[in-house]
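The values are calculated or read from the model by the stated rules, or taken from the named source; none is laboratory data. Everything quoted here is computed from the prediction, not taken from an experiment. Every residue, glycine among them, receives a Cβ derived from its backbone with ideal geometry; neighbour counts consider all protein chains shown. Just the protein is used for accessible areas: all its heavy atoms, side chains included, with ligands, DNA and RNA removed. Shrake-Rupley method; radii C 1.70, N 1.55, O 1.52, S 1.80 Å.
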Amino acid sequence: MNHLNVLIQVDTNGKRTIEDIVRDLENQGLEIDRVLKRVGVISATVSSSKISDIEAMDGVLSCREDRSVQLPPKGPEFPQ
């Protein structure tokens, strides 16, 4: 079973609160890392097989893999 770090965007104007959605996600076995209430984003770790289940939840707009971005080292070839 492959586990992924994901960002879950929720509908902040919907009928469900972000706390309700977090509770449901935890009940499905997700490990919640951070909840960013103001922007409606939940950072979590999940089995890759559950992504479609999460996207189908009431109040969830999207569930995408969290990816890292790294800048190249400073140098004359890469001015910053």
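Summarised as an ellipsoid, the chain has semi-axes of 30, 16, 10 Å, derived from the eigenvalues of the Cα gyration tensor scaled by 5 and square-rooted, with the largest first.
So what is the relative contact order of the stretch 1-73, in percent, for Cα pairs below 8 Å that sit 6 or more residues apart? It rounds to 46 percent for the stretch 1-73.
Among residues other than residue 59 whose Cβ falls under 15 Å from its Cβ, what is the net charge (Lys/Arg +1, Asp/Glu -1)?
-4
To put it simply, the accessible area of the chain at a 1.4 Å probe is 47 percent carbon and sulfur. Angle of helix 18-27 to the longest C-alpha principal axis of the chain, folded into 0 to 90 degrees and rounded to 10: 80°. Near residue 15, within a Cβ-to-Cβ distance under 14 Å, what is the net charge of the other residues, with Lys and Arg +1 and Asp and Glu -1? Result for the local shell: -4.
Projected label points at residue 12 and residue 67, each 7 Å from Cα along the beta carbon direction, are separated by 2.5 nanometres.
Taking 0.36 nm per residue of separation and subtracting the current Cα-Cα distance, fully stretching the chain between residue 47 and residue 2 would add 15.6 nm.
For the stretch 12-58, what ratio Rg/Rh do Cα atoms give with a Kirkwood hydrodynamic radius? Show your work: numbers first, answer last.
Details: Rg = 10.3 Å, Rh = 11.1 Å.
When Rh is taken as the Kirkwood radius, the ratio is 0.93.
Once the 1.4 Å probe is applied to the protein heavy atoms, the chain comes out at 73 Å² accessible per residue.
Treat every Asp and Glu Cβ in the chain as -1 and every Lys and Arg Cβ as +1, leave all other atoms uncharged, and give the resulting dipole magnitude about the Cα centre to the nearest 20 debye.
Working: 10 positive and 13 negative charges, 57 e Å.
About 280 debye.
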